[in-house]
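Shown next, in structure tokens, is the structure this report addresses.
The values are calculated or read from the model by the stated rules, or taken from the named source; none is laboratory data. In this text the structure is predicted, and so the values were computed from the model without any measurement. Backbone-built Cβ (ideal geometry, glycine too); neighbour counts: all protein chains shown.
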Amino acid sequence: MAVGRISGPLLKQNLLREGVDLAFETDLLYLDVNNNRIGINKTNPQFDLDVNGIVRTPTVEATTFADISGVQFSGDTISTTNSTLTIGTGDNVVYQNRLEIDDINLENNVISTDNTNANIEFRPNGTGSVEVHSDMNVTGNIFATGNITADGEITIGDADTDFITFNAEVNSNIIPDVDNTYSLGTDPDSGGKQWGDVYVQNFFAGTIDTTGLIVDGVDLNLRPGNTFFVAENGNDASTGDHPQAPFASLTQALTTATAGDTVYIMPGVYTEVFPLTIPTGVNVHGHSLRSVTIQPTAGTVTNDAFILNGETTVEELTITGFNFDAGNNTGYAFKFNSTFQVNSRSPYIRNVSVITTGTTTTAEDPRGFNTGDAGKGAYLDGSVATPASKEAACLFHAVTFITPGVDAVTLTNGVRIEWLNCFTYFANRGVYCVDGINGKASVGKTALRVSDLTGTITQGETVTYYDTDGTTVLATSTVESVDTDSKFYVSGKVTGFETAEERPGKQVTANGDAQLDTAIKKFGTASLQVDGTGDYASIQPQNDFGFGTGDFTIETWIYLPSTPASNNVLIDLRAALDSDIAPMIKTSNGSLYYFTDNANKITAAGAISATTWHHIALTRSGTDTKLFVDGTQVGTTYTDNNDYGTAKPLVIGAAHDAADATTGHFDDVRIVKGTAIYTANFTAPTVNLYATPTTVLLLRFNGVDESTTFEDEVIYAQDIRFSGGATATRITLADYTDFGAEVRMIGSACVYGNYGIWGDGPGVIVYAIGQNLAYIGNGKEVTNDATTVIQANEVVELNNAKVRYNSVDHKGDFRVGDLFYVNQETGVITFTSSNFNVSAGQGLTFTDGGNTTFVDGNRIDTGNLRLSGNTLESLSGDVNVTAASDEINLNNNVSITGNLDVTGNVTIGGDITIGDEASDAIEFIAGINSDIVPAQNSTYSLGTPSKTWKNIWANQAEIDDIRITQNYITTTATNANLELRSSGTGSIVIDNLTIDDVTVSSTTDINLAAASGYVRIQTTGAVKLPTGTTAERPAVEPGIVRFNTQLNRFEGYDGSDWIQLNGVIDLDGDTQITAEQTQGANDNIIRFDIAGTTVANLNGTRLAVPRLTVDDIEIDTNVITTVTTDTDLELKAQGTGSVLLENFAFDDNKITNTVIDSITEFVSTGDGYVKIDGTNGVVIPVGTNLNRPAPAFTEVGMLRFNTSDGRVEAYDGLQWGSVAGQTGAITTIDAGFLAVETVLYLG
């Protein structure tokens, strides 16, 4: 139907229906006036505009609500009553600001739900799918019950709180779009999230970072813990704590590791920056010894390799490629850190090889031995340890050092090491231990302990150790502290302290072929043998041999095979000159001499015999020097005022210049300074000599046959004084280990090189057990040439270092120190010590399969012989002793309880005892063709009081100093008495003389008739004469002398009268010479009495007599005259002497005034004058003008003859005037002057 146009007014009029609906063509257009609704093709519209059909319009606007085919638009809501709302077709696009479908809102580019926490679900129908053909961003959750296929990228979640849940299984590969870019999970250590479990058949990954990777029950992501790994393909940026994340360098691992960690190094060669400091408590463990090599960078080749701290370990690796820098003392494989401290255990080095070479190598020297700069093994210095360190120590186990030409290991300053199964090759010194200066922890102390202490040791006082002279100080220091066990400490290394056992003996040199001989000896195992052709033992000058003016003792045993015909010097202490004042003992023709100051001072004729051991001793006590042979003084005592100096040498067996050498043996030489051990006869020693407190030399000459090593075995008493007053006589501990090194070596070796074990200093102690010292001394050579081995270089001990070792050398020979040696080739076992002990509970059995020898502590059984204690017995059969030389020597005492049957000769060099009871007898059938000499002087008897010899026929008998020959009994000692003594109350009767004690009596007169005309009685005492009264005077005979007790005087009979013998006295006693006024007055005056009057007396200074007449001279008061008239009185002096009267000396015809510059006067008195008689003349003084006396010595009247003027002149008080001359009163000169003057005057 066509609809025409309706004008506005009409339309307005028609539309104003006033409550009546308007319908066009029923429902084409229906206006519901009452409800204000319009229906198009719809009656009874339900909405403001209700269209049943299709509306085509560019714009539809409904202000409140619109419903289009069940799709309702209301406000901002489009809804439908249908089950489905379709907006457009499949190819159409709906443009809308926001779309809400049920609980789904579509706004802008967002689809959301209205219900809180409700899902948005996309569900295709049937087998359909939800397809998104462009990028899709889902900010919430997606739940898909079917498959999800995305052709493009998918981003799920925009925050870490979002998650995806897969209930379905994944049936395809999951492949990232870029290689090595994305991760599954994030790092939980950084706050990320990781997957729980991953179950796969095969896992391929470049890097796996997980804390839980389990394969066949093994958690591959489980970290070892406290372990860091180093590998050649590692990365220093890695964590390093897993085998799959190793570091690339050991340096990085040591930087990361801390105490308790282990650094494990995978196989490879690692070039590191040296040094590598191992932190405290860290272990460095290589994969295996030969598979891990550590070497330095080019710039650190002379640095140290590893710096050790406490509780560290290095094992299973090789260190190489570094060199030694002598200037900086660097280039060691191992050193302690500068702050080294051990809290629980010391560093441990195990299964490590150190292999270095010198910088210059050749075909002949492939290891650079001669260069001397190969890297060294270890330098362990205890001084760098902190004071808090438990120790300064290290353990080496199975470590090999190949360090050509340099020291392998150097130890000092109190360090201690254990050395187990370790080896050194080509080292200069394999193990070098040396005393340092600072000591352990740089506060080293010397520890001391003394014995025989008197007093108390106090902290802060001074301890001083003196030499044997009591003056020379050997060591002194201040006591720093004292322990409760009497050990005390002094700060620092105070050298000089030593134990008595450590005090070094003197160095004895064997000259020529001087050597030990085990065949002939007095004591011990050997003696010194010299052959007389340049053989002797010597010691350089020593203060101990300079005796000064003090006491001394020199003694030895000597054995001479024959009596020398010329001088053989036994002991000589002279220095260079024969005339040197020093002791020398020599022998010649059986005599013994003490020689000093270029002369024999003691001579002992016949004192020495051949093939006999003689003990010789020379002693000085005060000024008495004596010589003893076998305990008996020989020769006379020498009055010795010599000063024997301060230092002297010693030569045994020759003179100081090697002349006058002796052939024989010496044993037990002892020199004692300051003490004369023997001052009278003594019993010669029967055992080894021993060291007294003042012994300065003791040579026992013990050792192996032909050895040229002679040991001074003296052990001194010591002199230790404390400033607080305490003293001690022995140092039992002098511990310097704070400064040296203590080493315990087991099952190790030093091979090739120059030296094996070297110790230097008293602080060094090395215990080397099972040590192999092979080809030491061969240096760099590997030819195994045994001829170039230097055995003495295997172990070197200097300055009281102690190396205790047992070793096997390149030949397999076994040694225990210097005392025990087994030659592997010959099987010979040598003991160089006189003491050898073997402890075996069941004894030792030696057998060759047929013959057996058994040895235990009680006996030796070999064949049919048993040696037990001091008994040699046969278990069956006889004991046969046969010598290959046809001579059997028994050098000690032999006791035979049975019979001795000898078919040859018997020579007994020692004692012999025959018979053990009185019933035994000796019968001599053969003649005796030698002297019979007792072993000791004045000890043994011939016969007994009950059994005496019947007769003795002898040409001469000498008993001590008495010799009986022919009809003479004399003494052999010059100037000695011959004494005859009776026993008990008996007397000695010679003819009619009876000698009893000190009394000689006779039944008749006793006459002493001397051929010389007089009898001499020599004594310092007195001779007692017969005494008695006057009435008891015997029958008179001229010459009788007695003491008269009645007259109290000595008297003698002159043939007619008894004459008093008390001085000079006449018969009546009034004329006499007396020495005392009264007896006992002791006034020292001799008086001369004549007829009872004292006429003269004499004392020590004068003779007082009234007048004295001597020949023709009489002295009376002050007058000396001649008795004979007209006889001259002469006073004469002997020789060139003069007769002195006051100041005048009369000499021949000259009288001299003895007082210089005094006047000689002849003075007369009264009218007297001085007259000189004679017809010749008087000579007055003569001289020139210049000789005139000085004015002070002139006097008026002096006369002299002046030779200048030729005149006699006199002095008038003012001048000299002529008295007489050639012209009488004037001289010719004066006359000449006078004539000139006259001419001039008279014209």
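Residue under question is Val230, and the condition is that it be in contact with a helix residue (DSSP H, G or I) (Cβ under 9 Å, 6 or more places away or on another chain) and at pLDDT 80 or above; does it hold?
yes
Per-residue answers, yes or no, for (1) surrounded by fewer than 11 Cβ atoms within 10 Å (Cβ to Cβ); (2) within 30 Å of Ala1035 (Cβ to Cβ); (3) of a type in the set (A, V, I, L, M):
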{"residue": "Gln1060", "(1), (2), (3)": "no, yes, no"}
{"residue": "Ala1075", "(1), (2), (3)": "no, no, yes"}
{"residue": "Asn1084", "(1), (2), (3)": "yes, no, no"}
{"residue": "Thr1094", "(1), (2), (3)": "no, no, no"}
{"residue": "Thr1109", "(1), (2), (3)": "no, no, no"}
{"residue": "Asp1128", "(1), (2), (3)": "yes, no, no"}
{"residue": "Gly1135", "(1), (2), (3)": "yes, no, no"}
{"residue": "Ile1156", "(1), (2), (3)": "yes, no, yes"}
Residue in region 835-856 that is at pLDDT below 70, surrounded by 12 or more Cβ atoms within 10 Å (Cβ to Cβ) and either charged (D, E, K, R) or more than 25 Å from Val808 (Cβ to Cβ) (or both) present: no
Residue match in region 967-979 (condition: in contact with an Asp or Glu (Cβ under 6 Å, 6 or more places away or on another chain), modelled with pLDDT of 80 or more and surrounded by 13 or more Cβ atoms within 10 Å (Cβ to Cβ)): yes
Options Thr563, Thr619: the member that is modelled with pLDDT of 95 or more and either over 30 Å from Val704 (Cβ atoms) or out of contact with any Gly (no Cβ under 6 Å at 6 or more places or on another chain) (or both): Thr619
Boolean, Ala676 is assigned by TED's automatic domain parsing to the domain that holds Thr695, in contact (Cβ under 8 Å) with a residue 12 or more places away in the chain and of a type outside the set (Lys, Arg): yes
Whichever residue in region 439-497 is in a strand (DSSP E or B) and among the charged types (D, E, K, R) and, among such residues, is surrounded by the fewest Cβ atoms within 10 Å (Cβ to Cβ): Glu480
Test: residue in region 187-196 that is at pLDDT 75 or above, assigned to a strand (DSSP E or B), in contact with a helix residue (DSSP H, G or I) (Cβ under 6 Å, 6 or more places away or on another chain) and not aliphatic (A, V, I, L, M): no
Criterion (out of contact with any Lys or Arg (no Cβ under 9 Å at 6 or more places or on another chain) and either under 30 Å from Asn167 (Cα atoms) or at pLDDT 75 or above (or both)) met by exactly one of Val55, Val132, Val93: Val132
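Assess whether Ala691 counts as being assigned by TED's automatic domain parsing to the domain that holds Trp557, among the small types (Gly, Ala, Ser) and either within 30 Å of Leu395 (Cα to Cα) or in contact (Cβ under 8 Å) with a residue 24 or more places away in the chain (or both).
On the way: assigned by TED's automatic domain parsing to the domain that holds Trp557: yes; among the small types (Gly, Ala, Ser): yes; either within 30 Å of Leu395 (Cα to Cα) or in contact (Cβ under 8 Å) with a residue 24 or more places away in the chain (or both): yes.
When the stated conditions are applied, Ala691 passes them.
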Condition met for Tyr559 (touching a Phe, Trp or Tyr at 6+ places or on another chain (Cβ under 6 Å) and either touching a residue at least 40 places away in the same chain (Cβ under 8 Å) or closer than 19 Å to Ser621 by Cβ (or both)): yes
Test: Ile148 is part of a loop (DSSP other than H, G, I, E, B), at pLDDT below 70 and surrounded by 12 or more Cβ atoms within 10 Å (Cβ to Cβ): no
Candidate set from region 956-966 (those that are modelled with pLDDT of 80 or more and more than 17 Å from Thr632 (Cβ to Cβ)); member that is surrounded by the fewest Cβ atoms within 10 Å (Cβ to Cβ): Gln956
Residues of region 915-947 classified as more than 30 Å from Ala607 (Cα to Cα) and surrounded by 10 or more Cβ atoms within 10 Å (Cβ to Cβ), total: 2
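Answer with yes or no whether Thr1194 is more than 28 Å from Asn1118 (Cα to Cα) and exposed (fewer than 13 other Cβ atoms within 10 Å of the Cβ). Talk me through it step by step, then tell me what you get.
Values: more than 28 Å from Asn1118 (Cα to Cα): yes; exposed (fewer than 13 other Cβ atoms within 10 Å of the Cβ): no.
Taking the combined requirement at face value, the residue does not satisfy it.
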Subset of region 1028-1050 [touching a Leu at 6+ places or on another chain (Cβ under 9 Å), modelled with pLDDT of 85 or more and under 22 Å from Val1064 (Cβ atoms)]: Thr1030, Val1041, Arg1042, Phe1043
Boolean, Ala118 is surrounded by 10 or more Cβ atoms within 10 Å (Cβ to Cβ), small (Gly, Ala, Ser), modelled with pLDDT under 75 and part of a loop (DSSP other than H, G, I, E, B): no
Flag for Val803 being under 25 Å from the mean Cα position of the chain (by Cα), at pLDDT 90 or above and surrounded by 17 or more Cβ atoms within 10 Å (Cβ to Cβ): yes
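This table checks each residue for (1) over 30 Å from Tyr264 (Cα atoms); (2) of a type in the set (A, V, I, L, M, F, W, C); (3) in contact with a Cys (Cβ under 6 Å, 6 or more places away or on another chain); (4) at pLDDT below 70.
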residue: Gly157; (1), (2), (3), (4): yes, no, no, no
residue: Ile164; (1), (2), (3), (4): yes, yes, no, no
residue: Asn167; (1), (2), (3), (4): yes, no, no, no
residue: Ile174; (1), (2), (3), (4): yes, yes, no, no
residue: Val215; (1), (2), (3), (4): no, yes, no, yes
residue: Arg223; (1), (2), (3), (4): no, no, no, yes
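So is Val696 more than 30 Å from Lys493 (Cβ to Cβ) and part of a strand (DSSP E or B) or not?
no
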Segments classed as strands (runs of 3 or more DSSP E), wholly inside region 1119-1210, with at least 1 members that are among the basic types (Lys, Arg), more than 60 Å from the chain's Cα centre (by Cα) and modelled with pLDDT under 85: 1150-1153
Subset of region 103-115 [surrounded by 12 or more Cβ atoms within 10 Å (Cβ to Cβ) and among the charged types (D, E, K, R)]: Asp103, Glu107
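Is it the case that some residue within region 538-555 is of a type in the set (Ser, Thr, Tyr) and surrounded by 17 or more Cβ atoms within 10 Å (Cβ to Cβ)?
Yes; the residues of region 538-555 include at least one that is of a type in the set (Ser, Thr, Tyr) and surrounded by 17 or more Cβ atoms within 10 Å (Cβ to Cβ).
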Conditions (1) in contact with a His (Cβ under 6 Å, 6 or more places away or on another chain); (2) crowded, with 23+ Cβ neighbours inside 10 Å; (3) not acidic (Asp, Glu); number of the one not met by Thr356: (1)
Residue check for Val384: buried (at least 24 other Cβ atoms within 10 Å of the Cβ), in contact (Cβ under 8 Å) with a residue 12 or more places away in the chain and not polar (S, T, N, Q): no
Any hit, region 517-526, residues being crowded, with 20+ Cβ neighbours inside 10 Å, in contact with a Ser or Thr (Cβ under 9 Å, 6 or more places away or on another chain) and part of a strand (DSSP E or B): no
Residue selected from region 465-485 under the condition touching a strand residue (DSSP E or B) at 6+ places or on another chain (Cβ under 6 Å) and hydroxyl-bearing (Ser, Thr, Tyr), by the criterion farthest from Lys440 (Cα to Cα): Tyr466
